[in-house]
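Read the structure below first, then the notes.
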Amino acid sequence: MAPSRQSLAKTHSRDQIRERLDQGHRIDYLPDFIYGAIDGTVTTFAVVSGVAGADLSSGIVIVLGLANLVGDGFSMAASNYSGTRVEQQLRQRMRSREAYEIETYPEGEREEVRQIFAGKGFQGEELETVVRVITSDKERWIDTMMTEEMGIGHSQRSPIKAAIATLAAFVVVGFIPLISFVWQAISANGLGDAYLSSVILTAIAFFCVGAVKSRFVDQHWFVSGIETLALGGSAASLAYLVGWSLSGLTAG
């Protein structure tokens, strides 16, 4: 939903603009949490459904589910760490190269700035003033070339924080499909049909995660929730069918 005119007016006052610019760009790790939560819930419930389809014991569900949470969760966090680290290293490499080019061939780099801002509509003395201001400070010059020439922003995501957000979401939300089986194992009363309870809890988790995800994809929260529920349910159904079709292998 687009912000109202009144809310836009409040955030675009002179003081608000200055405060926002002084704070700089806020790095958000919630997307890492959301996608870790989706992956954790999908994979764990797929394991649960596969084991349930094969009509195996609750103990096996718990063992395989927890093994998936730890192993797959760490793998996903490590992959996110590596990917974010590569982005960070690439940015540092590009920045070093740009600094070297400015030191080695400043006139050529100055001409690049001139042509970039000429393409934005600056002309004559106005253009020369822009070039002079930007190239008078080396760090500003490098920042400008990183953004305008290479399309690399100023913000740097922390690989460790990205990995922690992913792992935390994977383990915490991914544990939901196992709750009813764990409760059945430690409680004398249990929850009746543990798999049915797991289905209900997981469906709620899928929908809630999808609803939160809508914040980042410009999609209505209900549509996003249903979409995530459908995708997760499809993965679980396939796993259940595989477990059911191969249940004979576990007999005896």
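Restricting E149, E125, E101 to residues that are of a type in the set (D, E, K, R), free of Cβ contacts under 8 Å to residues at least 12 places away in the same chain and out of contact with any helix residue (DSSP H, G or I) (no Cβ under 6 Å at 6 or more places or on another chain) narrows the list to E125. Scanning region 199-217 for residues that are polar (S, T, N, Q) and over 14 Å from F175 (Cβ atoms) yields one hit, S214. So is E109 farther than 27 Å from W244 by Cβ, assigned to a helix (DSSP H, G or I), open to solvent by less than 30 Å² (accessible area, probe 1.4 Å) and acidic (D, E) or not? Yes; evaluated as a whole, the condition is true for this residue. Restricting attention to region 132-149, does a residue exist that is under 30 Å from A37 (Cβ atoms), open to solvent by less than 60 Å² (accessible area, probe 1.4 Å) and part of a helix (DSSP H, G or I)? The answer is no; no qualifying residue exists.
Contact list please: Cβ distance under 8 Å, first residue in region 157-180 and in a helix (DSSP H, G or I), second residue open to solvent by 40 Å² or more (accessible area, probe 1.4 Å) and among the charged types (D, E, K, R), pairs at least six apart or on different chains. If the second residue must be open to solvent by 40 Å² or more (accessible area, probe 1.4 Å) and among the charged types (D, E, K, R), the pairs left are P159/R85; F170/D39; F170/D72; G174/D39. Listed conditions (1) open to solvent by 70 Å² or more (accessible area, probe 1.4 Å); (2) modelled with pLDDT under 90; (3) touching a helix residue (DSSP H, G or I) at 6+ places or on another chain (Cβ under 8 Å); (4) not acidic (D, E) are all met by L90, apart from (3). The single condition among (1) free of Cβ contacts under 8 Å to residues at least 24 places away in the same chain; (2) of a type outside the set (G, A, S); (3) farther than 16 Å from A37 by Cβ that V217 does not satisfy is (3). When the residues of region 211-236 are narrowed to those that are among the polar types (S, T, N, Q) and open to solvent by 50 Å² or more (accessible area, probe 1.4 Å), which ends up farthest from V51 (Cα to Cα)? Ranking the qualifying residues of region 211-236, first place goes to Q219.
The values are calculated or read from the model by the stated rules, or taken from the named source; none is laboratory data. Keep in mind that what you see is a predicted model, and the values were worked out from it rather than measured. Cβ coordinates were reconstructed from backbone atoms using ideal geometry, including for glycine residues, and neighbour counts include every protein chain displayed. Remember, those area values only see protein heavy atoms, side chains included, never the ligands or the DNA or RNA. Shrake-Rupley method; radii C 1.70, N 1.55, O 1.52, S 1.80 Å.
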